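A quick write-up on the structure given underneath.
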Amino acid sequence: MGISSILGALSLLGFLLFLGGIATVVLSASQNRPFRSGVLLAVVGIIIGILFSVISQGILIVQPTEVAVIFNTLNGDLEDPPRIAGTHIVIPVLQTVTIYPISQQEYTMSGNSSEGARAGNDAVAARTVDGQEVSLDITVLYAIDPTKANIVHRRWPTGYQDNFIRPTVRGFVRDVISAYRAVDIYGEQRTAVESSIQDLLAARMAEEGFTLSDVLVRDITFSEQFSQSIENAQIAQQEAEQARLRVEQRQQEAEQARAVAQGERDAAITRAEGEAQAIVLRAQAEAQALDLVAQVLRDNPNLIQYQYVQNLSDNVQLMLVPSNSPFLFDFTSLAESVPQPEATTEPGN
């Protein structure tokens with residue numbers, strides 16, 4: 001139980017004593033008895049009630065989520081700075097207190113009737129630079145600056161949400177949207193739109209004693225015609241992308257086919273070159289062999305005949321050669337090379 005509650009209870013007790021004293025006086029007077037005790041009780045009760053009532057009104061307890069603006073009724077000034085969280089003493093009647101919340105607050109304007117500060121369709125309607133109508137659901141998160149609560153109290157005494165927050169947000173949203181094309185807001189520029197609204201609104205709210213935490217563009221609704229055109233454009237873009245992918249796939253397949261053909265061509269050329277080189281090498285080897293054979297035959301003319309005889313069968317005793325065939329052997333040379341038997345002398349000769 002806080003001190004204000006205790007003082008309030010004591011004040012109530014005093015007023016109850018006052019009522020009890022009055023009742024005692026009336027009862028005693030009706031019975032022709034002395035009523036001095038009743039008067040004393042009533043006087044004590046009224047003094048206690050008024051005293052503690054004044055004391056309770058003079059004690060101000062400000063919660064951590066609040067700030068108190070003190071107005072001096074004598075000179076019409078606001079106490080600066082405002083009273084922050086804690087227990088304070090004020091002068092009843094001479095000083096009046098107005099409590100403002102300094103915790104984070106939100107104000108939502110939505111097309112959904114179940115959301116937002118007002119019932120029904122409360123979305124912000126705006127028009128883009130290219131003439132498209134756009135509807136935006138906006139939520140603003142803000143708080144009263146404790147050091148500037150006097151500004152809020154002085155400028156917006158009849159309600160800052162309806163008289164400042166709401167019209168200011170709607171005005172800045174319309175101003176920002178009017179600088180963008182609808183297709184840009186629909187696409188990549190949505191974040192830029194939020195940033196622009198937040199920058200403009202933060203500066204304006206700071207002038208009026210508020211701090212802006214965030215601006216949330218929760219939903220953007222375009223006209224049915226524009227939405228259909230966007231959908232058609234997306235479908236066309238998807239089809240174009242698919243066509244491009246098919247063309248790229250065909251190009252890749254053609255490149256692969258060319259690469260395979262080039263590889264086979266290079267392999268065929270390599271094989272042909274290898275075979276040609278092999279033929280040349282064989283021809284060179286055969287030519288060299290023939291040169292060697294010719295050289296040997298020049299040096300040994302009877303070598304062919306010798307080889308022929310060597311290859312004859314061992315049981316060949318006689319070989320007939322047609323009369324019209326050229327002689328394989330040089331009989332003159334063979335005759336000269338075969339030793340002749342010595343002539344025998346008969347006895348008596």
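The values are calculated or read from the model by the stated rules, or taken from the named source; none is laboratory data. Keep in mind that what you see is a predicted model, and the values were worked out from it rather than measured. Neighbour counts are summed over all protein chains in view; Cβ atoms, including those assigned to glycine, are modelled from backbone coordinates with ideal geometry.
Within the range 125-175, being farther than 17 Å from A202 by Cα, part of a loop (DSSP other than H, G, I, E, B) and not β-branched (V, I, T) holds for D130, G131, Q132, W156, P157, G159. Put simply, of S30, S113, S37 the only residue that is out of contact with any Leu (no Cβ under 7 Å at 6 or more places or on another chain) and either aromatic (F, W, Y) or in the same structural domain as V217 (by TED's automatic domain parsing) (or both) is S113. Of all residues in the range 93-117, those satisfying the criterion of being surrounded by 14 or more Cβ atoms within 10 Å (Cβ to Cβ), at negative phi and either of a type in the set (K, R) or not in a strand (DSSP E or B) (or both) are I102, S110, G111, N112, E115, A117. Looking across the range 118-147, the residues that are surrounded by fewer than 19 Cβ atoms within 10 Å (Cβ to Cβ), of a type outside the set (V, I, T) and under 30 Å from E79 (Cα atoms) come down to L141, A143, D145, P146. Restricting attention to the range 60-70 and to residues that are surrounded by fewer than 17 Cβ atoms within 10 Å (Cβ to Cβ) and not polar (S, T, N, Q), the residue that is farthest from I220 (Cα to Cα) turns out to be I61. Could you look through the range 186-239, keep only residues that are among the aromatic types (F, W, Y) and outside any helix (DSSP H, G or I), and pick out the one that is modelled with the highest pLDDT? Top of the filtered list is F210. Here R83 meets the list (1) buried (at least 17 other Cβ atoms within 10 Å of the Cβ); (2) assigned by TED's automatic domain parsing to the domain that holds V176 almost entirely, failing just condition (2). Restricting attention to the range 189-215, the residues that are touching a residue at least 24 places away in the same chain (Cβ under 8 Å), surrounded by 16 or more Cβ atoms within 10 Å (Cβ to Cβ) and under 18 Å from the mean Cα position of the chain (by Cα) total 1. Considering only residues that are surrounded by fewer than 16 Cβ atoms within 10 Å (Cβ to Cβ) and free of Cβ contacts under 8 Å to residues at least 12 places away in the same chain, look in the range 170-188 and name the one that is nearest to Q132 (Cα to Cα). So the residue we want is G187. Only one of the numbered conditions (1) within 30 Å of the chain's Cα centre (by Cα); (2) in contact (Cβ under 8 Å) with a residue 24 or more places away in the chain; (3) farther than 23 Å from V152 by Cβ is violated by E115, and that is (2).
Against the definition (aromatic (F, W, Y), over 20 Å from V97 (Cα atoms) and touching a strand residue (DSSP E or B) at 6+ places or on another chain (Cβ under 6 Å)), how does Y142 come out, yes or no? Criteria met by Y142.
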